[in-house]
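Participant: Questions regarding the structure given below will be posed in turn.
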Amino acid sequence: MAEFDLAIRNGTVVTASDTIRCDIGVRGGRIVQLAEAITGATRDIDASGLMVLPGGIDSHVHLDQDSGPEIRMADGFESGTRAAAAGGTTTVIAFAKQKKGSSLRACVEAYHKKAEGKALIDYGFHLIVSDPTPSVLNQELPALFGDGCTSFKVFMTYDDLVLNDRQLLDVFAVARREQALVMVHAEGYDTIKYLTEKLESEGKTAPYYHAASRPQLIEREATHRAISHAELIDVPIMIVHVSGREPMEQIRWARQRGLKVYAETCPQYISLTADDLKGENLEGGKYVCSPPPRDHDSWNAIWEGLKDGTFQVFSSDHCPFFYDSAAGKLHPRSAESFRYVPNGIPGIETRMMILWSEGVAKGRITPNEFVALTATNHARIYGLYPRKGTIAVGTDADLVLWDPNRKETIRQEALHHGSDYTPWEGFAVTGWPVMTIAGGRIVVEDGKVLGKPGDGGFLRRDISPYARAGS
Ligand code: URP
Ligand code: ZN
Ligand code: ZN
């Protein structure tokens, strides 16, 4: 019998801390040896000229999420994880959204059913708390944290999700007590509503005005408010999908005060702008997400933050809808007002190539920083480390073989997601995943998907060390 199931030979292994020329031996889904030369494997993979990175972890994805009566999400766990793997990602953490008036536990059970037997790669769940009743706060949340869903998201906007300040304080207090990590969508509900109504009354209803209805100051104010609530309760928080300089200034200010405020950003905030929302025939709807893409100054600010540690994680915020479909992005009332265009864009497959191309290939970040931002820090922050997010003996054999020099152009026709468009159509990239390996199985080889639905399993995540209160 061969000593190894798989040997990855002649590659350059890159982790968040090191770059080493070594071979990797895999057995039973785990890395069992790192050595100068490994022989005796059932299958040898020649990684000459390639980098071998920890498989990406995308800790912010929406799959099969209930999005309202006339809207259908374009990806469930099968197509969503297929697309993720094709882009070099081997683990996703998706949201299990509580419907107001429903029990959170029942919602999580429903998401387990949606995912079971479907995912090609491993997945976990963050909770979305939209209705923090006493039983949710005192019974359901602690039980669900114990079941391995150790983080949850709260929203400061959206009619069906918004929590008021008192509710935010209540859920923050539970997070502190139970050491769960809180993720915050920081945009102010009332200010958005005010601007939306004002724009509509002036006849400014095209998708472009979505961006005008959510300026950075709205994100800045909500970020500051969330930070103040977190300081009052003494609880760490993660501000997700940060779009530009103004919220970043609040995050840095909080850190200077010694507060544990973490931050996430996404591809749309380094590669799209509000001008992309200006297309004819509601084309701009393809770029509607919240917070909206900003401008070049914001891109520069985000790069500074990716380099200086303001951001720990780079996620996709994959939230896929259909553009050209009656049941999708073009909601039946989208032409009436931007307020009806579903918020969210598809990006699970293109996240890593955009960051490599714009970041590493252009000399803005190092390959090691890329690994930290796309994999290692997600694992550390969300209770998956060291099983996931690095390359070491004993860890899951979740790997991506990366060609740092390959030039490609992003095209919808070559992508695997369920959406009928990509916001990055025609975007030229340098750097490409040529093979994705998850749990020692080859899931994608040169664009060909070999993985099967059900190969991936649910991840019970540990309590995050980042969720500990105090300094
Ligand atoms: O527009 C976005 N980002 N939609 C996804 C939901 C969210 O807020 O993350
Ligand atoms: Zn959000
Ligand atoms: Zn999201």
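The values are calculated or read from the model by the stated rules, or taken from the named source; none is laboratory data. Just so it is clear, the model here is predicted, and its values are computed rather than measured. Cβ placement follows ideal geometry from the backbone for every residue including glycine, while neighbour counts extend to all protein chains displayed. Ligands, DNA and RNA are stripped out before the accessible areas are found, and what is left, the full protein with its side chains, is counted by its heavy atoms. Shrake-Rupley method; radii C 1.70, N 1.55, O 1.52, S 1.80 Å.
Participant: Just to confirm my numbers, what's the Cα centroid distance between segment 341-358 and segment 175-216 in Å?
Facilitator: About 21 Å separates the Cα centre of segment 341-358 from the one of segment 175-216.
Participant: A further question follows. First select every other residue whose beta carbon is under 12 angstrom from the beta carbon of Q167; then total the charges, Lys and Arg +1, Asp and Glu -1.
Facilitator: Neighbour charge sum, excluding Q167 itself: -1.
Participant: Can you figure out the FRET efficiency of N300 with K278, using R₀ = 30 Å and their beta-carbon distance, to the nearest 0.05?
Facilitator: That gives a FRET efficiency of 0.90.
Participant: Going from most exposed to least, what order do F155, F458 have by accessible area with a 1.4 Å probe?
Facilitator: Of F155, F458, the descending order of accessible area is F458, F155.
Participant: Quick one, what does Rg over Rh come out to for segment 229-285 if you take C-alpha atoms and the Kirkwood Rh?
Facilitator: When Rh is taken as the Kirkwood radius, the ratio is 1.17.
Participant: Compute the long axis of helix 104-115 from its Cα atoms, compare it with the longest principal axis of the Cα atoms of the chain, and write down the angle in degrees, 0 to 90, nearest 10.
Facilitator: It works out to around 40 degrees.
Participant: In debye to the nearest 20, how big a dipole does segment 348-471 give about its Cα centre with +1 on each Lys and Arg Cβ and -1 on each Asp and Glu Cβ?
Facilitator: 460 debye
Participant: OK, next. What would the Debye formula give as log10 I(q)/I(0) at q = 0.11, 0.13, 0.15, 0.18 Å⁻¹ for the alpha-carbon point model of segment 96-206, no solvent?
Facilitator: -0.42, -0.55, -0.69, -0.88
Participant: Give me P(r) over segment 275-341, computed from all C-alpha to C-alpha distances, binned every 5 Å, as integer percentages.
Facilitator: Percent of Cα pairs in each bin: 3, 14, 21, 20, 14, 11, 9, 5, 1.
Participant: Long-range amide H contacts for A263: which residues qualify at under 5 Å (H placed 1.01 Å from N, peptide plane, sequence gap of 5 or more or a different chain)?
Facilitator: I239, Q312, V313
Participant: Starting from the amide H of K118, placed 1.01 Å from N in the peptide plane, find each other amide H under 5 Å away whose residue is 5 or more places distant or on another chain.
Facilitator: For K118, whose amide H was placed from the backbone, the distant partners under 5 Å are G454.
Participant: Need one number: nm distance between label points at D18 and E336, each 7 Å from Cα along Cα→Cβ, rounded to one decimal.
Facilitator: Taking the simple label geometry, D18 and E336 are separated by 6.1 nm.
Participant: Using Cα-Cα distances under 8 Å and only pairs 6 or more residues apart, what relative contact order does the chain have, in percent?
Facilitator: Averaging sequence separation for qualifying contacts and normalising by length gives 23 percent for the chain.
Participant: Also, quick follow-up: From the backbone phi of segment 27-33, what are the Karplus-calculated ³J(HN,Hα) couplings (6.51 cos²θ - 1.76 cosθ + 1.60, θ = phi - 60°) in whole Hz, Gly and Pro given as x?
Facilitator: Karplus-based 3J(HN,Hα) across segment 27-33 equals 9, x, x, 10, 7, 10, 8 Hz.
Participant: At a temperature of 4 °C and a viscosity of 1.567 mPa s, determine how fast segment 30-69 diffuses translationally according to Stokes-Einstein, using the Kirkwood radius over alpha-carbon pairs as Rh; express D in µm²/s, rounded to the nearest whole number.
Facilitator: Diffusion coefficient, whole number: 87 µm²/s.
Participant: How far is it, in nm, from the label point at T133 to the one at D147 when both lie 7 Å from their Cα along the line to the Cβ?
Facilitator: Output for this residue pair reads 1.6 nm.
Participant: Moving on to the next point. Could I get the Rg over Rh figure for segment 161-301? Both from C-alpha atoms, Rh via Kirkwood, rounded to two places.
Facilitator: My calculation puts Rg/Rh at 1.01.
Participant: Taking the alpha-carbon centroid of each part, what is the distance from segment 97-164 to segment 53-81 in angstrom?
Facilitator: 15 Å
Participant: Which of K286/K307; K113/K286; K362/K407 have a Cα-Cα distance over 18 Å?
Facilitator: Pairs exceeding 18 Å: K286/K307; K113/K286.
Participant: Separate question: Pulled fully out, how much extra length does the chain show between L450 and D66, if you take 0.36 nm times their separation in residues and subtract their Cα-Cα distance?
Facilitator: Between L450 and D66, full extension yields an extra 135.3 nm.
Participant: Further question: Gap in Å between the Cα centre of segment 396-415 and the Cα centre of segment 1-22?
Facilitator: So the two Cα centres are separated by 19 Å.
Participant: Which far-off residues, 5 or more places away or on another chain, put their amide H under 5 Å from the one on Q33, with H placed in the peptide plane?
Facilitator: For Q33, whose amide H was placed from the backbone, the distant partners under 5 Å are G25.
Participant: Still on this structure: Distance cut-off 22 Å, Cα to Cα: go down the list K99/K388; K114/K153; K388/K452 and report the pairs above it.
Facilitator: K99/K388
Participant: Also, quick follow-up: Determine by what factor the alpha-carbon radius of gyration of the chain differs from 2.2 N^0.38 Å, reporting the quotient.
Facilitator: Taking the Cα Rg and dividing by 2.2 N^0.38 Å, one obtains 0.93.
Participant: Also, quick follow-up: Within segment 8-51, what percent of beta bridges assigned by DSSP are antiparallel, to the nearest 5?
Facilitator: Rounded to the nearest five, the antiparallel share is 75 percent.
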